[in-house]
Every structure is written in structure tokens, then in C-alpha cells.
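*Asks:* Structure provided below as C-alpha cells; questions to follow.
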Number of protein chains: 2
Amino acid sequence: MKQILILGAGRSCSSLIDYLIKNASANNWQVVIADKDLSLAQEKADWGDAASAIEFDIFNEQQSKEEITKADLVISMLPASFHIHVAKICAANGINMLTASYVSDEIKALEPEFEKNGAVLLMELGLDPGIDHMSAMKVLDEIKEQGHELIGFETFTGGLLAPTKDDNPWEYKFTWNPRNVVLAGQGNVKFIQEGRYKFIPYHRLFRRTEVIHIPGHGFFEGYANRDSLKYLDSYNLHGIKTLYRGTLRRPGFCKAWDIFIQLGATDDTYKLEGVEGMTHRDFINSFLSYNPNDSVELKLAHYLNLDLESEEMYKLKWIGVFDDEPVGLTEGTPAQVLEHILKKKWTIQEDDKDQIVMWHKFDFMDNGKHRQIQSDMVATGEDSIHTAMSKTVGLPLAIGAKMVLNGKIDLKGIHIPTEKAVYDPILDELGSLGFEFHEREVEV
Amino acid sequence: MKQILILGAGRSCSSLIDYLIKNASANNWQVVIADKDLSLAQEKADWGDAASAIEFDIFNEQQSKEEITKADLVISMLPASFHIHVAKICAANGINMLTASYVSDEIKALEPEFEKNGAVLLMELGLDPGIDHMSAMKVLDEIKEQGHELIGFETFTGGLLAPTKDDNPWEYKFTWNPRNVVLAGQGNVKFIQEGRYKFIPYHRLFRRTEVIHIPGHGFFEGYANRDSLKYLDSYNLHGIKTLYRGTLRRPGFCKAWDIFIQLGATDDTYKLEGVEGMTHRDFINSFLSYNPNDSVELKLAHYLNLDLESEEMYKLKWIGVFDDEPVGLTEGTPAQVLEHILKKKWTIQEDDKDQIVMWHKFDFMDNGKHRQIQSDMVATGEDSIHTAMSKTVGLPLAIGAKMVLNGKIDLKGIHIPTEKAVYDPILDELGSLGFEFHEREVEV
């Protein structure tokens, strides 16, 4: 009997826990679900003998050490900044550990201890980071194995709303952390295009989009993510001419979202004055010049050079930013107020389905001939609980846990799933569960 | 014989030191000029018996205490962050002190000690902050004394190049710290307009300018400074309907400068890749999309919707940003690279004259009638050494020092020159030295 300890039992853990419990008896696992909210853990564990629930506080050092050292493998679904506390105990006691978060420098420093004590810490094993690494490295390795020269790699992922019959002109709702959506793109964007370093400031980012077509799923637009250059190291792509990572939205989203950026409404660095009693309309007006005789709509359209009847203005009206409705906060940054307003329309309803879209483009030279492969994966959620997001984040972790426990992944130290020995078996099983990449060669 | 200790003997200290030495024998002063570069201090002290020079290091605690406690009054021209070290010694030993910098929280905490030991620390006694406080408070106090209700206050200052016969289409050069000019406006802008809080993000700031006309000096454009709201407290303006502080430039400057902001070329938060060997043209191109068949000029004009023959493009060409000349740095942030390029054309030459322009607008209700007063001061430098900047920063300090030593300013604790007892005598003497404000009532 092997014990798997899952730290955290929130919404995003459903698919992970489902998989482990379903496969528990066949694999002789005992699954322990730990959360600071015992009832949440109990709800998830309510599936028979294979699972049990405990109340758990990572800041209780004694309990943390006791529970973690009982386990053969720990999956931490805690907030990313808490992983270090788990990792220290796992490293010291040779316990295997998995997370879906990025490797921090602080965690990286534990590598020798994990190695010495014969355990593995597998990180970045969710969707993005996770499935993106695995699906990209598979094709990148194939291109290299065939002796071709890679010249370009672009990769885009989007957490979207599945196509609906709704009248929502944004074709978007919050399917993950709303705060991260509002702040998305802040920071500096760096990438490489045809051998040249390129930089985009935040206030131009949502106007520098690319059009992407995925057969069977239509058109998308992509905007660049922060620092594509760090993948030079992690994917071993030094010398590549084009390297670009981005985020996908449905067409027209970015141009409308850019209005909030232009106004300053996504700023999270200062507190607004006078939030108490402020209406949606007041909020927008606070970023526009004073003129009591003009409407907020006209001032905004003129300021940002938009037609009053444009799609962007239609989207703004639909989301309610011109309404005289009170915001309903007593204080906040512009970004917090905007998030609060958007949540009124963009909160996912029970019958809404989310959709994960991932797309890669690989350019390479085959004996002097330029060739291109595109690959994509589109996953649609069942409802607001069994989301595509929870599956694509949880299943790689669950499969990875199985492979570590049954010895199919036999690594020590700290790893991300860029190695064939890791990504091959996990991608195979993901494919059999319906999360398959479609690859095709495209004429260039 | 009273001793005045001046800490710092850099360029900006010329007018301060000139005034004190000229007035030394009549007032029975001994002026000690202290700098970490002894030759610099000696050069400034080379005027006869009234002045002497010493080598001085504020981080040498023993020397600092020894020299400061010998003085009756200390003027610190050190970088703003060093004032605290001086202030601690002055507070503990009851020594009067003056600076032209903003009062920090750390310094404010020394107030009881200054009071207890019977000394004054006068801060914000230069140009801006300094002359702006004094000249504004004079009119604000008069309006209140006459029983009128103040409804609006706007104030703008610019450190500019005096009108020349040059072909420089920017009509601008660096007349003070170039780095601060390149970074100007970063952060968040807050002000009040007709009773409403208004916010402008950095990437819109240089397009939200006001036109200002000063009789005899022509037109200027003004953009908003960071946080005008802090003057609600320091000028006691709570309840005012409009409150706006800004910076002046000559017409057309802001629209051209905005191009650098839109590109991301003023960003100081990350290091550029590939600065070694980069040309001016490469630098601009790194913010534009890749297209080997189009010129950098056309890509930029199209990206930012400019006519190729516009004034803005003319300014960019003149400043050399499209040149194939190497930048000449090995690393740097975008802002550092831009500063380095601009310095090649914008460094002040020996015969260049700087010009300080300050303008206030006061709106008030006089028995139900809306009235407006405007006031301005324009000061022009003699050459690149005897600059208007060095005079307008140094003379208020010098005059303030005289008034403290002869008892005309009889305050204890920490003060800024917003009190009539301070601003009245200093403004009077500044006026007699030619730094006069012109006030006029304007029809509204």
C-alpha cells in the first residue's frame, strides 16, 4: 500500500483527485486529501475506502512533517509560494513530490538534497506550464532527431469560454483567477523575431496581436507573454531565429481589452480615491477629462479614437461599464475595481463550459527547404465543476504521480517535463483520455 | 563671527556660494565649503578670507559630527538621501539646517528633537520645491485674507532652454539631471478637476497637455505631475474643486516625446538584450515589428499613426534616432540607452542659456463672482555655469540662511516655506535680485 498525500482540495483539484481515487485500488494506493478546510477535503474524499480526509495547516511545522513523512508521494496544490515549505520536508526525508508551478530559485537550491535522499521533485507538470512543455518538446526533439535545423518556435495557450449561444460579445468569462486575467501582460515583453530581439511595452501589447487559425476551431488572436527568452535555456533553443510565447483570445477581445489599458483601469499600483459610492460610470469617467456637457461614452470614444457604434463600444456597453450601478467596494486599486465590475457579467455559470486551446508552430530547415509543423490541442469542459482547466492541470499531475510510484519515471532530483522519459508516457496516457495533439505539416 | 557650513560644492551650488561669500563680511560670517573632492571645494572658496574649503565625507561619522557641531548653520546640498545623516547630528546638537529637498518621513521624525534643542530645519527651500511654495502661498493667503473662497489652483514649472537661434526643433536640452528628464512622468498621476478625482496613466500623460500662455514669453504646454493631492494638506486646500500641478515644455515637445513612451524606449525596469554594438537605429527598431522590406522610419510612422513629414518625425530625425551610429554602451535599460543617445545632441553648450518658467493660476469666488489671478516668473541663465537653475535653487537657501542667522526667521522644529513669516522676507529679497512674480487678474 502506497500513500499519496494531496495538499489542497479546492476546485482546481477535482480531476486530479477523481483520477487518483478511481485508480487507487488497482494500484494499491491510499489517497489522503489534506486541506485547512476539513469539510472541503471530506467532500472530495467521499468515495469509499481508498481516500481519507484530514485538516491540514502547512504552517504547523510538526503536523506538516508528520503527515508528509508518512506519504510515499506528495502533490502540492497549495499556492505557489507555499511549495517551499513542503519541498524542504520532502527533500530532507526523501519523499517524492509533484507540483504544477514554476521552479523558483529557492526550490532549485534543494536539488542536491533531493538527489542525495533518492527522491524526485517534478514541477511545472500542469497545463501551462506542463502540457505546453511536453507537447512542444516532443516535436522539438523529433525535429532534432531527424537532423533538421530548427529556426522558429511559437507557442500560444488560452483559457477561454467554449463557444456558446450567449449574447456575450466578448465570448469570454473568467474561467480561472480573475485577478490574473485583469493584470495579464503587465511587465515587459521580450521575444526574438528573425534573429532580432524585440520588446513590447504593456500599453502596446494588446494592439500587437497575431491571427492564428486552428482547423475545426476557427480563428484566434494571440498576444505575447512576458519573457520568451527564458525558453532559450529550458528548451535548449540557443541560436533559434524566432521564439515567441503568447496567450490566445477570441478575435476582437484584445482591441476591446486594450481600452481598459489605455484608460489606466488595469493599474494595480495605487489606490483610487473616492471608491465608496462610485458607480461603474464614475470609474470610467475618472480616467477621462472633465467636461460636464459631454457624455462619458463620447469622451471615451473621442479620447481613444473609436467609432461610437464600433464593436469595442458595443462590448463596453454590454459589460456595463457605463452603467450608473454602484461598484460595491469601499476601496481598491483601479485593477481591483475593474475586476469587481467585470465579475458581475463574467462569472462562469453552472452550464457554462470552459475551453483550453493550445497551439504550437515549429519552423525548420530540411536540407535547405523551409518546412513548418503546427500542432494544437483543444479541450472543452463538461460544466463549471468538471472544467477543462481542472482536467488539463490535474491529469498530468495524476498520471505523473502514477508513473513515479510504479517506477516508469525513474528520476532523482528536481525536474520539469522536458525530458522524453517523462513526457512520452504522460502524453500517451493524456491522449488516451482524449487530450490529444493534432499535428500537421503546413505549406510555407 | 558665525560659521556657515555648506555640504557639497557641485555645479548647482555656484549661486548659493557666491551670495554667501559676497555677503560674508557685512554679516560677519565665516563660510566653510565641504566636499569629498577637496579641489572642487577650494575652487569655490577661492575668494578671499571669508571662505575656506575642507575635504568632507558624510559617512565619516567622527568628522561629520566635528565639522557640523562647529557651525551655526548647515546647508546640505548633498544628494537627498544623505540629508538624514546631517539632520541627525543637527537635531542632537541644536544646529540650524537648510536643504532644497522634500521632507521625508525619516527626517520628519526628528522634529521634536530640533524643537527641544532650539534649532530649525528649513526644507523644500529651492526652486521646486521652494519658490513654488512661497509664491503660491503668498497669493493663496491673500485670497483667504480677503475673505474669498478659493475654488481652483494650478501650478506649473519648467526647466527649459532659453529661446535661441539654434535649429534644434525640440527647443530643449538637458539643463538638469538627464536621467530624471527621461523618466519624468513615470508613476501615477492624480489630480482634482471640478470636484472630481482624475487619474492619468503614464502612457497617456504626454497627450493630455494644457496650453498655457505667458504674456511676453509666449505659449507653453503643461503635463500633469504625479500626485497633486498631497498639496491638499501642505497648502491646506481641502475642499478645493480643482488642484493640478504640472511641468512646462515648449509647444510640440510632448507630442514628440510621447513617441519614445509609446515605443517603450523610456522603460527603466529591464535590461535590453544586445546593447553592445547596437546602433541608434537598431534601438528604435527593437520596439517595432519585424519586416526586412520596410524602413524603420515607415514602420514607426505607421505604428504610431504619424505622417512621415510631420513635425514629430522631423524632431526624431534631428535628434538622430534613425542614425546608423553606434549607441556606445555595453549594457543598459531602454531609458539608459535613450538618455545616452539624447545626450549627444541635448548636452548644454557653453553659450547655451537655461530658462526657468513658473506659472500659477488661482480661481476664487468674490461675493458670488468668479475671479482669476495668474502669476508667473521667468528667469534666464547667464551661461552654462551661472544657470537660472543654480540661481533659483541656491538663492532661496542663501537668503533663508541669512534670515535664520540674523533672527528674521525665528522658528524652531522642521518647516517648509509655506508660512508668511518665512516666504515674505525671502520673496522680497528674491524680487530685489530680479526674481519677481508678475501677477495679473484675468477675465473669466
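*Asks:* Restricting attention to the stretch A:264-276, which residues are surrounded by 16 or more Cβ atoms within 10 Å (Cβ to Cβ), acidic (Asp, Glu) and within 20 Å of A:Asp324 (Cα to Cα)?
*Replies:* A:Glu273
*Asks:* For the stretch A:69-88, what are the residues that are assigned to a helix (DSSP H, G or I) and either within 20 Å of A:Ala53 (Cβ to Cβ) or in contact with a Gly (Cβ under 7 Å, 6 or more places away or on another chain) (or both)?
*Replies:* Those that are assigned to a helix (DSSP H, G or I) and either within 20 Å of A:Ala53 (Cβ to Cβ) or in contact with a Gly (Cβ under 7 Å, 6 or more places away or on another chain) (or both): A:Thr69, A:Lys70, A:Phe82, A:Val86.
*Asks:* Criterion first (touching an Asp or Glu at 6+ places or on another chain (Cβ under 6 Å) and either away from chain B (no Cβ under 12 Å) or of a type in the set (Val, Ile, Thr) (or both)) does A:Gly216 satisfy it?
*Replies:* Spelling it out, it is not the case that A:Gly216 is touching an Asp or Glu at 6+ places or on another chain (Cβ under 6 Å) and either away from chain B (no Cβ under 12 Å) or of a type in the set (Val, Ile, Thr) (or both).
*Asks:* Please tell me if B:Trp257 is in contact (Cβ under 8 Å) with a residue 60 or more places away in the chain and either exposed (fewer than 14 other Cβ atoms within 10 Å of the Cβ) or away from every other protein chain (no Cβ under 14 Å) (or both).
*Replies:* no
*Asks:* Further, regarding this structure: Tell me which of these A:His203 doesn't satisfy, since it passes every other one: (1) more than 24 Å from A:Phe153 (Cβ to Cβ); (2) more than 12 Å from chain B (Cβ to nearest Cβ).
*Replies:* So A:His203 meets the others, but not (2).
*Asks:* Name the single residue that is surrounded by the fewest Cβ atoms within 10 Å (Cβ to Cβ) among those in the stretch A:400-444 being of a type in the set (Gly, Ala, Ser) and under 21 Å from A:Tyr235 (Cα atoms).
*Replies:* Going through the stretch A:400-444, the residues of a type in the set (Gly, Ala, Ser) turn out to be A:400-401, A:407, A:413, A:421, A:431-432, A:434.
Those still in the list that are under 21 Å from A:Tyr235 (Cα atoms) too: A:400, A:413, A:421.
Values: A:Gly400: 27, A:Gly413: 16, A:Ala421: 13.
Only one residue fits best here, namely A:Ala421.
*Asks:* Of the residues in the stretch B:291-302, how many are facing another protein chain (nearest Cβ under 8 Å) and either at pLDDT 95 or above or surrounded by 16 or more Cβ atoms within 10 Å (Cβ to Cβ) (or both)?
*Replies:* Of the residues in that region, 0 qualify.
*Asks:* So, B:Ser101, is that one open to solvent by less than 30 Å² (accessible area, probe 1.4 Å), hydroxyl-bearing (Ser, Thr, Tyr) and part of a helix (DSSP H, G or I) or not?
*Replies:* No.
*Asks:* Run down B:Pro417, B:Pro396, B:Pro425 and say which single residue is in a loop (DSSP other than H, G, I, E, B), under 24 Å from the mean Cα position of the chain (by Cα) and within 26 Å of B:Glu145 (Cβ to Cβ).
*Replies:* After applying the criteria, what remains is B:Pro417.
*Asks:* Within the stretch A:366-381, can one find any residue that is of a type outside the set (Lys, Arg), under 26 Å from A:Arg179 (Cβ atoms) and assigned to a loop (DSSP other than H, G, I, E, B)?
*Replies:* yes
*Asks:* Further, regarding this structure: Which one is nearest to the chain's Cα centre (by Cα) among residues in the stretch B:311-323 that are more than 14 Å from B:Phe253 (Cβ to Cβ) and open to solvent by 10 Å² or more (accessible area, probe 1.4 Å)?
*Replies:* Filtering the stretch B:311-323 for residues that are more than 14 Å from B:Phe253 (Cβ to Cβ) and open to solvent by 10 Å² or more (accessible area, probe 1.4 Å), the one nearest to the chain's Cα centre (by Cα) comes out as B:Lys317.
*Asks:* So which residues in the stretch B:47-78 are hydrophobic (A, V, I, L, M, F, W, C) and without any contact (Cβ under 8 Å) to a residue 40 or more places away in the chain, if there are any at all?
*Replies:* Within the stretch B:47-78, B:Trp47, B:Ala50, B:Ala51, B:Ile54, B:Phe59 qualify.
*Asks:* May I ask you to verify whether B:Thr279 is in contact (Cβ under 8 Å) with a residue 24 or more places away in the chain, surrounded by fewer than 18 Cβ atoms within 10 Å (Cβ to Cβ), of a type in the set (S, T, N, Q) and facing chain A (nearest Cβ under 8 Å)?
*Replies:* The answer is no for B:Thr279.
*Asks:* Given the conditions (1) modelled with pLDDT under 95; (2) within 12 Å of chain A (Cβ to nearest Cβ), which single one is not true for B:Thr242?
*Replies:* Exception for B:Thr242: condition (1).
*Asks:* Name the single residue that is surrounded by the most Cβ atoms within 10 Å (Cβ to Cβ) among those in the stretch A:133-151 being in contact with a strand residue (DSSP E or B) (Cβ under 6 Å, 6 or more places away or on another chain) and within 25 Å of A:Ile356 (Cα to Cα).
*Replies:* Filtering the stretch A:133-151 for residues that are in contact with a strand residue (DSSP E or B) (Cβ under 6 Å, 6 or more places away or on another chain) and within 25 Å of A:Ile356 (Cα to Cα), the one surrounded by the most Cβ atoms within 10 Å (Cβ to Cβ) comes out as A:Ala136.
*Asks:* Determine, yes or no, whether A:Lys44 is open to solvent by 20 Å² or more (accessible area, probe 1.4 Å) and touching a residue at least 12 places away in the same chain (Cβ under 8 Å).
*Replies:* yes
*Asks:* Looking at (1) within 12 Å of chain B (Cβ to nearest Cβ); (2) over 33 Å from the mean Cα position of the chain (by Cα), which is the only condition A:Leu308 fails?
*Replies:* All conditions are met except number (1).
*Asks:* If I ask for residues that are part of a loop (DSSP other than H, G, I, E, B) and either hydroxyl-bearing (Ser, Thr, Tyr) or free of Cβ contacts under 8 Å to residues at least 60 places away in the same chain (or both), which ones from the stretch A:202-215 would you list?
*Replies:* Matches in the stretch A:202-215: A:Phe206, A:Arg207, A:Arg208, A:Thr209.
*Asks:* Considering only the stretch A:172-200, state which residues are assigned to a loop (DSSP other than H, G, I, E, B) and either facing chain B (nearest Cβ under 7 Å) or in contact with a strand residue (DSSP E or B) (Cβ under 6 Å, 6 or more places away or on another chain) (or both).
*Replies:* Correct list: A:Tyr172, A:Lys173, A:Thr175, A:Trp176, A:Asn188, A:Glu194.
*Asks:* In the stretch B:179-188, how many residues are open to solvent by 30 Å² or more (accessible area, probe 1.4 Å) and in contact (Cβ under 8 Å) with a residue 60 or more places away in the chain?
*Replies:* 3
*Asks:* Any residue that is assigned to a loop (DSSP other than H, G, I, E, B), at pLDDT below 95, buried (at least 16 other Cβ atoms within 10 Å of the Cβ) and out of contact with any Asp or Glu (no Cβ under 7 Å at 6 or more places or on another chain) - is there at least one of those in the stretch B:108-127?
*Replies:* We begin by selecting, within the stretch B:108-127, every residue assigned to a loop (DSSP other than H, G, I, E, B); these are B:109-110, B:117-119, B:123-125.
Restricting the remaining residues to those that are at pLDDT below 95 gives none.
No, that holds for no residue.
*Asks:* Same structure again: Any residue at all in the stretch B:350-370 that is within 14 Å of chain A (Cβ to nearest Cβ), over 30 Å from B:Lys271 (Cα atoms) and open to solvent by less than 40 Å² (accessible area, probe 1.4 Å)?
*Replies:* We begin by selecting, within the stretch B:350-370, every residue within 14 Å of chain A (Cβ to nearest Cβ); these are B:363.
If we keep only those that are over 30 Å from B:Lys271 (Cα atoms) too, we end up with B:363.
Among the residues that remain, those that are also open to solvent by less than 40 Å² (accessible area, probe 1.4 Å) are: B:363.
There is at least one residue in the stretch B:350-370 that is within 14 Å of chain A (Cβ to nearest Cβ), over 30 Å from B:Lys271 (Cα atoms) and open to solvent by less than 40 Å² (accessible area, probe 1.4 Å).
The values are calculated or read from the model by the stated rules, or taken from the named source; none is laboratory data. Keep in mind that this is a model prediction, so the values were computed, not measured. Positions of Cβ are backbone-derived with ideal geometry, glycine not excepted, and every protein chain shown enters the neighbour counts. Accessible surface is based on the protein model in full, side chains and every heavy atom, while ligands, DNA and RNA are left aside. Shrake-Rupley method; radii C 1.70, N 1.55, O 1.52, S 1.80 Å.
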